[in-house]
Amino acid sequence: MSTITENLNHLKANLPNNVCLVAVSKTKPNEAILEAYEAGQRIFGENKIQEMSDKYEALPKDIEWHMIGHVQRNKVKYMAPFVSLIHGVESLKLLIEINKQAKKNNRVISCLLQLFIADEETKFGLSETELFEILDSEEFKSLNHIKIVGLMGMATFTEDKTYIEEEFSSLKKIFDKIKKQYNHLPNTDFNTISMGMSNDYKIAIACGSNMIRVGSTIFGERNYELK
Ligand SMILES: *Cc1c(COP(=O)(O)O)cnc(C)c1O
């Protein structure tokens, strides 16, 4: 048995049943994805729309593709025909564009709103106030080709577990609050909290995550220089 299969099986053996695994395959070749596919994995995450589209074209059609990166509005049209979940939505303007492209494709596209929970300026995301502004707006209520299925967040990159725990717990708290308040809207169905990566997914699950995005633990370290 080779490494990717082993890594995947090992990871899955220790995951609670309610936790969905997104295998983050960015920068990795199709052969690596196919190996994970053969081992039973069907959900893959990419952070570049062009790369995801190329992989979608080349690989089996029962793969569910998740966009986990920062999304540029002018590129939404390239993934609108096939993307199954967009994790990183952080503006009403972007939602409006996703809605428009979904409509053109006769689809309803599932999205997560990305919250800024870390204390690193390099990370994207909405503040809690901005999140409420979007959900309260009349414009949002008129978007019937998107469905907000939950929230996504990234913790600060640190060794300090208590710190990471606090950030993930704050996301879980906000999730519970907005679910109570907004789940009656026709274009929401709050069921997903996407938090946790290779180095912090165990903490994330303990804090209530039910979707983790794991790359290097499955596929090995990424080497951007060699790309
Ligand atoms: C790359 C990436 C991951 C996976 O990171 P690993 O540390 O390799 O598990 C998860 N989420 C996002 C948003 C990413 O960009």
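The values are calculated or read from the model by the stated rules, or taken from the named source; none is laboratory data. Everything numeric in this text was worked out from a predicted model, so none of it was measured. Please note: Cβ atoms are built from the backbone with ideal geometry, for glycine as well, and neighbour counts cover all protein chains shown. These area figures cover heavy atoms from the full protein model, side chains too; ligands, DNA and RNA do not enter into them. Shrake-Rupley method; radii C 1.70, N 1.55, O 1.52, S 1.80 Å.
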Do we find that Ala102 is touching a residue at least 12 places away in the same chain (Cβ under 8 Å) and under 17 Å from the mean Cα position of the chain (by Cα) in this structure? no
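Hey, among the residues in segment 63-79 that are open to solvent by 30 Å² or more (accessible area, probe 1.4 Å) and out of contact with any helix residue (DSSP H, G or I) (no Cβ under 9 Å at 6 or more places or on another chain), which one's farthest from the ligand (Cβ to nearest atom)? Full working, then the answer.
Of all residues in segment 63-79, those open to solvent by 30 Å² or more (accessible area, probe 1.4 Å) come to 64, 70, 72-75, 77-78.
Going one step further and asking which of them are out of contact with any helix residue (DSSP H, G or I) (no Cβ under 9 Å at 6 or more places or on another chain), we end up with 64, 70.
Details: Glu64: 16, His70: 9 Å.
Of everything passing the filter in segment 63-79, Glu64 is farthest from the ligand (Cβ to nearest atom).
Is it fair to say Ile146 is over 24 Å from Pro16 (Cα atoms) and not aromatic (Phe, Trp, Tyr)? Walk me through it before giving the result.
Working: over 24 Å from Pro16 (Cα atoms): yes; not aromatic (Phe, Trp, Tyr): yes.
Yes; evaluated as a whole, the condition is true for this residue.
Would segment 205-216 turn up any residue that is over 26 Å from Ile4 (Cα atoms), loosely packed, with under 13 Cβ neighbours inside 10 Å, touching a residue at least 24 places away in the same chain (Cβ under 8 Å) and not polar (S, T, N, Q)? First the steps, then the outcome.
Of the residues in segment 205-216, the ones over 26 Å from Ile4 (Cα atoms) are 207-208.
Within this subset, residues satisfying the condition of being loosely packed, with under 13 Cβ neighbours inside 10 Å are none.
No, because not a single residue in segment 205-216 is over 26 Å from Ile4 (Cα atoms), loosely packed, with under 13 Cβ neighbours inside 10 Å, touching a residue at least 24 places away in the same chain (Cβ under 8 Å) and not polar (S, T, N, Q).
Yes/no per residue for (1) part of a loop (DSSP other than H, G, I, E, B); (2) within 27 Å of Ala206 (Cβ to Cβ); (3) within 16 Å of the ligand (Cβ to nearest atom):
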site: Leu11; (1), (2), (3): no, yes, yes
site: Pro16; (1), (2), (3): yes, yes, no
site: Leu21; (1), (2), (3): no, yes, yes
site: Leu34; (1), (2), (3): no, no, no
site: Gln41; (1), (2), (3): yes, yes, yes
site: Gly45; (1), (2), (3): no, yes, yes
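Conditions tested, residue by residue: (1) in a loop (DSSP other than H, G, I, E, B); (2) at pLDDT 95 or above; (3) farther than 28 Å from Ala13 by Cβ.
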site	(1), (2), (3)
Tyr37	no, yes, no
Lys55	no, yes, no
Val71	yes, yes, yes
Lys75	no, yes, yes
What's the number of the only condition in (1) within 15 Å of the ligand (Cβ to nearest atom); (2) within 13 Å of Leu151 (Cα to Cα) that Ala118 fails to meet? (2)
Does any residue of segment 80-93 turn out to be open to solvent by less than 10 Å² (accessible area, probe 1.4 Å) and either assigned to a loop (DSSP other than H, G, I, E, B) or farther than 23 Å from Asp200 by Cβ (or both)? yes
In segment 61-81, what residues are under 15 Å from the mean Cα position of the chain (by Cα) and either closer than 27 Å to Glu167 by Cα or among the aromatic types (Phe, Trp, Tyr) (or both)? Trp65, His66, Met67, Ile68, Gly69, His70, Val71
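In segment 95-117, how many residues are open to solvent by 10 Å² or more (accessible area, probe 1.4 Å) and either under 27 Å from Gly196 (Cβ atoms) or not in a helix (DSSP H, G or I) (or both)? If you could, list the steps in order and put the result at the bottom.
First, pick out the residues of segment 95-117 that are open to solvent by 10 Å² or more (accessible area, probe 1.4 Å): 96-97, 99-101, 103-108, 110, 114, 116-117.
Adding the requirement that they be either under 27 Å from Gly196 (Cβ atoms) or not in a helix (DSSP H, G or I) (or both) leaves 105-108, 110, 114, 116-117.
Of the residues in that region, 8 qualify.
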Which ones in segment 167-193 are open to solvent by 50 Å² or more (accessible area, probe 1.4 Å) and farther than 15 Å from Met152 by Cα? Lys180, Gln181, Asn183, His184, Pro186
For segment 118-139, give me each residue that is farther than 19 Å from Met154 by Cβ, in a loop (DSSP other than H, G, I, E, B) and open to solvent by 40 Å² or more (accessible area, probe 1.4 Å). none
Can you list the helices (runs of 4 or more DSSP H) found entirely within segment 153-227 that contain at least 1 residues being within 12 Å of the ligand (Cβ to nearest atom) and farther than 30 Å from Leu143 by Cβ? 201-206, 216-219
Which of the residues that make up segment 103-114 are touching a Leu at 6+ places or on another chain (Cβ under 9 Å) and more than 16 Å from the ligand (Cβ to nearest atom)? Ile109, Ser110
